[in-house]
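Here's the structure we're looking at; comments come further down.
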Amino acid sequence: MAVVLGELAAGLVSPSVSPLTAVGGAVIDAVPGVVKEWAISLFGTGDKAALLAGMVLVIAVLAALAGVLESRRRLAGVAVVAVFGCVGLVAVLTRAQVTPNAVAVPLVAAVAGIAMLRWLITRLDAWRVAGDSSLTARRSFLQLLAGGAVVAAVAGLAASALRGAAAGISEVRGKLRLPAGQTPAQAVPAGAENGLSGMEPLVTPNPGFYRIDTALSVPLIDPQNWVLKVTGMVNREIELDFAALLAKPMTERHVTIACVSNEVGGDLIGNALWLGWPVRELLAMAGPRPGADMVLSRSSDGWTASTPLEVLTDSRDALLAVGMNGEPLPLEHGFPVRMIVPGLYGYVSATKWLTELKVTRFADDVAYWTPRGWTDHGPIKTSSRIDVPRAGHSVPAGTVMFGGVAWAQHTGVAKVELRVNRGAWQEAVLAAGISRDTWYQWKLGMELTAGQHEIQVRATDDTGKPQLEERKPVAPDGATGFHTIRVDVKS
Ligand SMILES: Nc1nc2c(c(=O)[nH]1)N[C@H]1C(S)=C(S)[C@@H](COP(=O)(O)O)O[C@H]1N2
Ligand SMILES: [Mo]
C-alpha cells in the first residue's frame, strides 16, 4: 500500500521521478555490466518488465518480514519500513530528474506504510488477546486489511491514470506535423528486398523496432518545454528550442542502428528512415574550440554518450532526429529529439530524450557505460545474419534458399558468403543497399542432401575486410564471430 501511495503521490507532485522508478533506475545504474548483459540476453527487450516483477517480489517479501517482526517486537517491523523508505529517498536523490517535491514522496509513502503496519498489528494484538473466538476482533483486523488492499488498488489505478498523462504527451505527439526533408532520403533501389518470405522488412516498422535504454519509465517531454543546450569547449553556447529546430532545413536518411549488446545473430538492430537536422550545423554555430575531440550528449534522465567530435562534424549526416519512418519519434524512441549517428553503436551515439551536447575531450569526461565495462569509442562491427530458414527448422532436400542481412555501417558491404559444414565459401547474391549506412539483404540457393547441416555466414566490407571469425562476447565493444545455424534437411 505504501509503495502504491508513493507512486500516486509522485504522479501528483513529481511525474518525472517516482520512488519505484528511482529505485529501479538506481539498480540499473548500479548492477555490474555482466549482470546487464545477462539480463538483456535472458529477457531481451522485456528486461524492464522483468526488473519490475523482481521488485514487486522483493517488496512483498519485505512487507511480510516487516509484519512478522512487528508482531513479535514493537518497532522492529517499523524499522524495516523506515529503512525501505530511506532506500527510496536515497534513490530519488540520485536521479537526474530529482525535484524538491520528489524528495517528499518516499517520506509520505514510508509514513503511510508505518501507520498501516501499526494499525494492523494493534488490531492483530487485540484479536490475539480476545482469543480466536472473538468474531468482532477478527473482523476488525480483516476489515482493516481489506481496506488497505482497496486503498492500494484505487491508488494504483489513479497512479496509472496520472501516468496516462503520458497520454497528454502522446496527444501532443499525435498532433505534431513535421516538415518535409529538404534533403530527401535516397530512394530505396529496386531489388533491395530479396523477395524471400520470412525476411524481416528492409525498413523496420516503429512498433517492431528494438528498444534498449536505462529508463524504467519513459521520459515524458513536452516539446514546448524542450531545449537543447550546447555547452563546454565552444566559442558560443547555444540554446535551441523545438520550434527553432523544426524551422531548420531537415535531412532524411535511412540509417541502420545497432546495440553493442547484440549477440551474433541477434535482433537488437533495426533500420529506419530518420528525419532531422545535421548535428554538424549546430556544432558549426557553436564553434568547437581547438583540442576538443568528443561530444558528451545527455538525456533528460541524465544518461550520457561519448561521440567523437569528428564523426559528428564529417559529411555522414549525424542527425538531431525528430522523425522516424514518417512520424514524430515514438515516446520510447526518444521523443521529441534524439541523436542518430551512422556507423556507431547506440551506447556511444544514439542519445534519446536529448537535452545537452557538451563539447569536451575524451580525457576529461566519461559517458554512462564507460565505467561499467564498455569502451568509450564504439564503431559498429561488420556482421551478418541468417534469417531464412529459421535456425532449427527442417527443410526438404534439394535446392534450399537461404536469406538474411549483412551490415558494415558507413563502409558498405561488398560481399556475403555462406559455407556448409565448414566447406568452401560460396558467394551469395547481394541485394542493392539503400546506402552504406544501412543493412543489405542477401540470398543464396544451395544444394543440400538429407541430414543435419551447419551453415555459416560472413560479410566482407567495401575495403575488403572480412567480418571477424573469432567468437567474442558483446562486452567491451561488440560481439564477433560467424552466425551459425543448424538445419535439418529431410529426404
Ligand atoms: N537517454 C538514453 N538514450 C539511449 C540509451 C539510454 O539508455 N538512454 N541507450 C542507447 C542504446 S544502448 C541504444 S542501443 C539505443 C537504442 O535505441 P532504440 O531504443 O530507439 O532502438 O539507444 C541509445 N540511447
Ligand atoms: Mo545499446
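Within the accessible surface of the chain, defined with a 1.4 Å probe on protein heavy atoms only, the carbon and sulfur portion equals 60 percent.
Under a model in which nothing but the beta-carbon of Lys, Arg (+1) and Asp, Glu (-1) is charged, segment 206-372 shows a dipole of about 220 debye around its Cα centre.
Using a ≥ b ≥ c from the Cα gyration tensor of segment 2-167 (square roots of the eigenvalues), is it rounded, prolate or oblate, where a/c under 1.5 gives rounded and otherwise the larger of a/b and b/c decides, a/b for prolate? Here segment 2-167 falls in the prolate category. Accessible surface for segment 2-167, divided over its residues, is 54 Å² per residue with a 1.4 Å probe.
Which residue, chosen from Val80, Ser300, Gly265, occupies the Cα position most advanced towards the positive end of the dipole of the chain, where the dipole is computed from +1 (Lys, Arg) and -1 (Asp, Glu) charges on Cβ about the Cα centre? Checked the options; the winner is Val80. Kirkwood radius and radius of gyration were both taken over the C-alpha atoms of segment 237-309, and their ratio Rg/Rh is 1.02. Average accessible surface for segment 383-490: 42 Å² per residue, computed with a 1.4 Å probe over protein heavy atoms with every protein chain in place. Amide hydrogen proximity for Ala431: with H placed 1.01 Å from N in the peptide plane, the residues at 5 or more positions away or on another chain lying under 5 Å are Gln441, Trp442, Lys443.
Dipole of the chain computed with +1 at Lys/Arg Cβ and -1 at Asp/Glu Cβ about the Cα centre; of Leu444, Ala63, Gln467, farthest Cα towards the positive end is Ala63. The Cβ shell under 12 Å around Trp369 holds other residues with a net charge of -3, Lys and Arg each +1, Asp and Glu each -1. Each residue of segment 103-116 was assigned a 3J(HN,Hα) from its phi angle through the Karplus expression (A = 6.51, B = -1.76, C = 1.60, θ = phi - 60°), giving 5, 5, 4, x, 5, 4, 4, 5, 4, 4, x, 5, 4, 4 Hz with x at Gly and Pro. Counting charges near Pro330 (Lys, Arg +1; Asp, Glu -1) among other residues having Cβ under 12 Å from its Cβ returns a value of +2.
Between 0 and 90 degrees, the angle of helix 47-72 with respect to the longest Cα principal axis of the chain falls at about 20 degrees. Using a cut-off of 15 Å between beta-carbons, work out the net charge of the residues near Gly156 (Lys and Arg +1, Asp and Glu -1, Gly156 not included). Summing Lys/Arg as +1 and Asp/Glu as -1 gives 0.
The values are calculated or read from the model by the stated rules, or taken from the named source; none is laboratory data. Note that this is a predicted model, so its numbers are computed, not measured. As a convention, Cβ positions derive from the backbone with ideal geometry for all residues, glycine included, and neighbour counts pool all protein chains shown. Side chains included, ligands, DNA and RNA excluded: accessible areas come from the protein's heavy atoms. Shrake-Rupley method; radii C 1.70, N 1.55, O 1.52, S 1.80 Å.
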